[in-house]
Amino acid sequence: MADNTHSQAKSTGVQTTGHVWDGDLQELNNPLPVWWTYTFYATMVFALAYWLAYPSWPIGKGFLPGMNTITYVNTEGKEESWHWNTRAKLLKETQDAVIAQKPYYDKIAGLPYEEIAKDPELSSFIVSAGKAVFSDNCAACHQAGGQGKVGFFPNLADDDWLYGGSYATINQTLTKGRRGYMPPFNESLEAGQIDQLAHYVFSLSGGKADPAKVAKGKDLFHSQAGACYYCHGDNAKGRMDIGSANLTDQVWLWADVPGSPDDTVKIDAIRKVIVGGLNKGVMPAWEGRLSAEQIKLLTVYVHELGGGK
Amino acid sequence: MFKNFKHEKIETNAGLLLVLTMMAVSIGGLVEIAPLFFLKDTTENIAGVRPYTPLEQRGRDLYIREGCYTCHSQMIRPFRDEQLRYGHYSLAAESKYDHPFQWGSKRTGPDLARVGGKYSNEWHVQHLIKPKSVVPESVMPNYQWLQETKLDVSDVGDRMRALRMTGVPYSANDAEYQRNVNQFGEAVAKTLHIPDALKNLVSQAQEGNFDGDRSSVSEMDAMVAYLQVLGTMVDFSKIKPEDLVKFR
């Protein structure tokens, strides 16, 4: 194969690498195309220009800072310039965007909630900007349409509220977060008593349950032994100041009653909650993550999802 | 001197090709990497960054074991769209105790650098068991065994000792503990003390109740504890944005 090293191909006269396959296939040793070599040199020239224009080479204890500067407003409110870098660029872009959205957010910050909902221009801002903020931060739990998830996260699109559906309470929920808690009753009550309570709670929302058990459950509910009334109220309609559920409204969050096939399973779902209690229903606080204006925007967005009061 | 040079000389001599390739590559490395060790401007000294507690560190080990990094990055770049979606851009100092760091550039799922505190523990538990149940369009697989499997805590001290050798300031003796008290304060220093690792791990899992079950420490406890601390160590309300600009 290598017996004709550096020979020239018969047909073209170009020097070959000396590799021959199948007796006559040769590898020609052509120089690089001219367009290719000049493009290559051009990239080098471009690199030199780029190094000068943007922060690049380290020199001693510093580096080439580039030729561009970015002017932004510092914490003291004064204009300040620094050599071009992505962080300065981001700071500037953020400040520009804040200025562009300022008329809207100023209006939101200055107006009472009721006025915001009525203002047609602000309404469309809330629908678009509010949807974006909601999708990024809230939809993971409360789902894209705010419909929530039985057993985990409350529905925001209905008119049933644990902590209240007014603008002020929604805002407080968003700002400070919430933490749901119900103690387990498996140690303080006997299995029979818990069964009676489950029947009573099921009947409260119109479920058909054993009347004898319902009567006994009702007594337990209002007794010192059960003490359910202490959190859920004498009328079992819940207390919004502590977020205890309204048991009479046929809305089930923690016990998967709607998803159960028959009454026995439905009552069993309620029983499980009484036995184990609840140490969930944690809503994170958003005050560190979102601005006060964004929270106000979300407050109106959530209020307008369907059930605001 | 190049008149008689033929590229053939390099291409037909494997040893010479190797040496010249290594020279070319190391020039790039020297120029790009070496100066960073001497440039004062590039070293961000940010308050609040601490090593992981034993439980968080075990969660981090599980994060790597399960290959979470193949779909999730942990680095928010300084771009407006990323800042809007994920939060403040990541600082190098925030991963200074990560060995290896989890920056990454492959995002099949979202970036997790600041996922800590964004969702509740129960959301994380439900989401890890069955992601589709809370995010219908998710393509993330189920990790239900995290909830079912007890966390192996037998070697937690050894794991911290190994990290200590790489420069993570876990304390092995009283002198090192005192140094941590001075640097991080007493509450944090206690969690970094290797002799108390197991005790600290169990108590954090009990108090945090990450998986909703206080009776034992599951792998879910560790994983959620880790996820909930991601990106939460630095208080950005105390940092002027222009100071970070000047690190560059």
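Could you check the range A:201-309 for helices (runs of 4 or more DSSP H) lying wholly inside it with 1 or more residues that are within 24 Å of the chain's Cα centre (by Cα), aromatic (Phe, Trp, Tyr) and within 30 Å of residue B:228 (Cβ to Cβ)?
On the way: elements: A:211-221, A:229-232, A:263-276, A:292-303.
Fully inside the range A:201-309 and qualifying: A:292-303.
State whether the residues of the range A:129-144 include one that is in a loop (DSSP other than H, G, I, E, B), in contact with a Leu (Cβ under 8 Å, 6 or more places away or on another chain) and closer than 22 Å to residue A:173 by Cα.
So in the range A:129-144, the residues in a loop (DSSP other than H, G, I, E, B) come out as A:138, A:143-144.
Then drop every residue that is not in contact with a Leu (Cβ under 8 Å, 6 or more places away or on another chain), which leaves A:138.
So of that shortlist, the ones also closer than 22 Å to residue A:173 by Cα come out as A:138.
The answer is yes; a qualifying residue exists.
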Item checked: Residue list for the range B:192-247, filter: within 11 Å of chain A (Cβ to nearest Cβ), over 27 Å from residue A:285 (Cβ atoms) and under 22 Å from the mean Cα position of the chain (by Cα) -> B:247
Note to self: I need the full set of residues from the range A:169-210 which are without any contact (Cβ under 8 Å) to a residue 12 or more places away in the chain and aliphatic (A, V, I, L, M), in order please.
What the structure shows: A:191
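Can you name the residue in the range B:128-152 that is among the basic types (Lys, Arg) and not in a helix (DSSP H, G or I) and is also nearest to the other protein chains (Cβ to nearest Cβ) among such residues? Break it down stepwise before answering.
Just the residues of the range B:128-152 that are among the basic types (Lys, Arg), to begin with: B:130, B:132, B:150.
When the remaining residues are screened for being not in a helix (DSSP H, G or I), the result is B:130, B:150.
Numbers: B:130: 11, B:150: 21 Å.
Checked the range B:128-152; the qualifying residue nearest to the other protein chains (Cβ to nearest Cβ) is B:130.
Conditions (1) out of contact with any Phe, Trp or Tyr (no Cβ under 7 Å at 6 or more places or on another chain); (2) within 28 Å of residue A:258 (Cα to Cα); (3) within 14 Å of chain B (Cβ to nearest Cβ), marked per residue:
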{"residue": "A:96", "(1), (2), (3)": "yes, no, yes"}
{"residue": "A:107", "(1), (2), (3)": "yes, no, no"}
{"residue": "A:112", "(1), (2), (3)": "yes, no, no"}
{"residue": "A:118", "(1), (2), (3)": "yes, no, no"}
{"residue": "A:121", "(1), (2), (3)": "yes, no, no"}
{"residue": "A:129", "(1), (2), (3)": "yes, no, yes"}
{"residue": "A:132", "(1), (2), (3)": "yes, no, yes"}
{"residue": "A:138", "(1), (2), (3)": "yes, yes, yes"}
Notebook entry, point to check: In the set B:181, B:125, B:156, which member is away from chain A (no Cβ under 14 Å) and crowded, with 18+ Cβ neighbours inside 10 Å?
Noted result: B:156
Next item on the list: Would you be able to tell me the number of residues in the range A:79-128 that are in contact with a Gly (Cβ under 6 Å, 6 or more places away or on another chain) and either assigned to a loop (DSSP other than H, G, I, E, B) or loosely packed, with under 15 Cβ neighbours inside 10 Å (or both)?
Entry: 1
Notebook entry, point to check: Name the residues in the range B:31-78 that are out of contact with any helix residue (DSSP H, G or I) (no Cβ under 8 Å at 6 or more places or on another chain), within 30 Å of residue B:199 (Cα to Cα) and in a helix (DSSP H, G or I), would you?
Noted result: B:64, B:65, B:68
Note to self: Please count how many residues of the range A:269-309 are at pLDDT 90 or above, closer than 27 Å to residue A:257 by Cα and small (Gly, Ala, Ser).
What the structure shows: 1
Next item on the list: Out of B:241, B:136, report the one residue that is buried (at least 18 other Cβ atoms within 10 Å of the Cβ) and without any contact (Cβ under 8 Å) to a residue 12 or more places away in the chain.
Entry: B:241
Margin query: Yes or no: the range B:189-204 includes at least one residue that is farther than 30 Å from residue A:79 by Cα, free of Cβ contacts under 8 Å to residues at least 24 places away in the same chain, surrounded by fewer than 19 Cβ atoms within 10 Å (Cβ to Cβ) and touching a His at 6+ places or on another chain (Cβ under 9 Å).
Written below: no
Notebook entry, point to check: Among the residues of the range B:142-152, is any in contact (Cβ under 8 Å) with a residue 24 or more places away in the chain and surrounded by 20 or more Cβ atoms within 10 Å (Cβ to Cβ)?
Noted result: yes
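Residue by residue, here is whether (1) more than 18 Å from the chain's Cα centre (by Cα); (2) away from chain A (no Cβ under 13 Å); (3) modelled with pLDDT of 95 or more; (4) farther than 30 Å from residue B:204 by Cβ holds:
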| site | (1), (2), (3), (4) |
| --- | --- |
| B:6 | yes, no, no, yes |
| B:10 | yes, yes, no, yes |
| B:13 | yes, yes, no, yes |
| B:19 | yes, yes, yes, yes |
| B:24 | yes, yes, no, yes |
| B:34 | yes, no, no, yes |
| B:47 | no, yes, no, no |
| B:92 | no, no, no, no |
Next item on the list: Residue by residue through the range A:42-77, note down the ones that are in a loop (DSSP other than H, G, I, E, B), touching a strand residue (DSSP E or B) at 6+ places or on another chain (Cβ under 8 Å) and within 11 Å of chain B (Cβ to nearest Cβ).
Entry: A:55, A:56, A:57, A:65, A:66, A:74
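The values are calculated or read from the model by the stated rules, or taken from the named source; none is laboratory data. A quick note: this is a predicted structure, and the numbers were derived from the prediction, not measured. As a convention, Cβ positions derive from the backbone with ideal geometry for all residues, glycine included, and neighbour counts pool all protein chains shown.
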